[in-house]
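Engineer: I'd like to ask you about the structure that follows.
The values are calculated or read from the model by the stated rules, or taken from the named source; none is laboratory data. Computed from a predicted structure; not experimentally measured. Neighbour counts run over all protein chains shown; Cβ positions are idealised from the backbone, glycine included. Accessible surface is based on the protein model in full, side chains and every heavy atom, while ligands, DNA and RNA are left aside. Shrake-Rupley method; radii C 1.70, N 1.55, O 1.52, S 1.80 Å.
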Amino acid sequence: IRGGDGNQEGGVGLNGRFGKNTKIKNVWIEHANVGAWVGRDYSNIPELWGPGDGLEFSGMRIRNTYADGVNFSNGTRNSSVLNSSFRNTGDDALAVWANKYVKDPATDIGHDNTFRDNTIQLPWRANGVAVYGGYGNSIENNLISDTMNYPGIMLATDHDPLPFSGQTVIANNGLYRTGGAFWNEDQEFGAITLFAQGQNIPGVTISDTDIHDSTYDGIQFKTGGGAMPDVKITNVKISKSNNGSGILAMGGARGSATLTNVTISDSRDGDILVEPGSQFVINKSGLKASATPLKSRTRD
């Protein structure tokens with residue numbers, strides 16, 4: 001439950017388990033704490049346990065929330081948010097949180113959820129779209145612009161989720177003026193950021209995506225305790241990373257990425273920056289030449 005002070009339930013436009021194959025269309029939610037929080041902790045009312053399955057939101061208009069727009073939590077699966085509009089959310093506009101507060105952590109994992117054909121503008125805190133753990137989740141055909149301090153799209157293992165496994169797909173998205181600085185401006189986030197805080201983030205594909213006018217890096221692999229192995233970046237165009245590089249691997253990042261038909265241009269710190277000490281390997285054979293050189297140094 002995402003409630004108010006003392007974890008009391010309240011301030012949520014749509015809140016609950018939602019059962020199977022529920023369809024919610026053309027609902028305008030504004031000035032709520034959360035637009036829609038899908039799922040309840042198993043311990044809340046155990047006899048009513050049953051995560052959202054086959055839930056579909058479409059034509060939603062969610063504005064000016066204190067926290068999330070739509071959060072697929074507590075084992076939500078096979079569900080989607082389609083053709084919807086989000087503006088000025090105070091946490092993730094869209095999220096899958098594969099949390100542990102479920103009946104069976106071995107099976108009740110957030111999986112096979114889709115965020116497709118949505119417009120996300122001006123989140124004033126956190127991400128345009130985020131996935132925390134799970135498998136088979138996809139972020140496709142979304143237009144994301146003007147994030148205040150976090151990425152346009154983030155995959156992360158903070159918030160102590162169940163592990164990532166299988167595939168996570170980021171495809172056919174447009175990100176404009178995304179990324180930012182937060183936590184007393186000590187952390188700078190890329191337009192697309194992978195943050196394996198503790199657990200690994202395997203099986204990621206980023207394809208057919210335009211990233212333009214980012215505040216910091218276009219794609220960022222962040223320092224963390226886990227690894228991000230075998231990321232595939234295909235048919236991606238990154239232009240004008242204003243205060244960073246096209247692709248950044250931080251000094252504590254671990255893993256690898258393979259570039260295929262990737263074009264990077266006009267980034268302040270060059271096309272690719274692998275910070276000293278990083279154990280992240282980038283296969284650059286599929287990188288198209290640009291006017292800025294490749295670099296391997298700490299950001300200025």
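Engineer: Under the condition of being in a loop (DSSP other than H, G, I, E, B) and either of a type in the set (V, I, T) or touching a Cys at 6+ places or on another chain (Cβ under 9 Å) (or both), which residue from the stretch 130-167 is surrounded by the fewest Cβ atoms within 10 Å (Cβ to Cβ)? Please lay out each step first, then the result.
Structural biologist: Taking the stretch 130-167 and keeping what is in a loop (DSSP other than H, G, I, E, B), we get 133, 136-137, 141-142, 146-152, 157-163, 165-167.
Right, trim to either of a type in the set (V, I, T) or touching a Cys at 6+ places or on another chain (Cβ under 9 Å) (or both) and you get 147, 157.
Details: T147: 30, T157: 23.
It comes out as T157.
Engineer: Looking at G59, G50, which is the one that is more than 13 Å from F18 (Cα to Cα) and surrounded by fewer than 23 Cβ atoms within 10 Å (Cβ to Cβ)? Steps first, please.
Structural biologist: Working: G50 fails: more than 13 Å from F18 (Cα to Cα).
Residue meeting the stated conditions: G59.
Engineer: Report yes if some residue within the stretch 231-239 is more than 19 Å from T168 (Cβ to Cβ), among the β-branched types (V, I, T) and either touching an Asp or Glu at 6+ places or on another chain (Cβ under 6 Å) or in a loop (DSSP other than H, G, I, E, B) (or both); otherwise report no.
Structural biologist: Restricting attention to the stretch 231-239, the residues satisfying the condition of being more than 19 Å from T168 (Cβ to Cβ) are 237-239.
Those left that are additionally among the β-branched types (V, I, T): 238.
With either touching an Asp or Glu at 6+ places or on another chain (Cβ under 6 Å) or in a loop (DSSP other than H, G, I, E, B) (or both) added as a condition, the list becomes none.
For the stretch 231-239, residues more than 19 Å from T168 (Cβ to Cβ), among the β-branched types (V, I, T) and either touching an Asp or Glu at 6+ places or on another chain (Cβ under 6 Å) or in a loop (DSSP other than H, G, I, E, B) (or both): absent.
Engineer: Give the residue, chosen from N33, N71, that is open to solvent by less than 20 Å² (accessible area, probe 1.4 Å), on the phi < 0 side of the Ramachandran plot and in contact with a strand residue (DSSP E or B) (Cβ under 9 Å, 6 or more places away or on another chain). Spell out the reasoning first.
Structural biologist: Values: N33 fails: open to solvent by less than 20 Å² (accessible area, probe 1.4 Å).
The conditions single out N71.
Engineer: Please enumerate the residues belonging to the stretch 201-239 that are closer than 24 Å to A98 by Cβ and open to solvent by 30 Å² or more (accessible area, probe 1.4 Å).
Structural biologist: We begin by selecting, within the stretch 201-239, every residue closer than 24 Å to A98 by Cβ; these are 201-207, 209, 219-233.
P202, T205, T223, G225, P229, D230, K232 - these are the residues of the stretch 201-239 that are closer than 24 Å to A98 by Cβ and open to solvent by 30 Å² or more (accessible area, probe 1.4 Å).
Engineer: Can you name the residue in the stretch 175-187 that is open to solvent by 10 Å² or more (accessible area, probe 1.4 Å) and not in a loop (DSSP other than H, G, I, E, B) and is also farthest from T89 (Cα to Cα) among such residues?
Structural biologist: Our first condition is that a residue be open to solvent by 10 Å² or more (accessible area, probe 1.4 Å); within the stretch 175-187, this holds for 176-177, 181-187.
Cutting the leftovers down to not in a loop (DSSP other than H, G, I, E, B) gives us 176, 181-182, 187.
Working: Y176: 17, A181: 17, F182: 16, Q187: 20 Å.
Top of the filtered list is Q187.
Engineer: Which condition number does F18 fail, the rest of (1) part of a loop (DSSP other than H, G, I, E, B); (2) within 22 Å of N83 (Cα to Cα); (3) open to solvent by less than 40 Å² (accessible area, probe 1.4 Å) being met?
Structural biologist: Exception for F18: condition (3).
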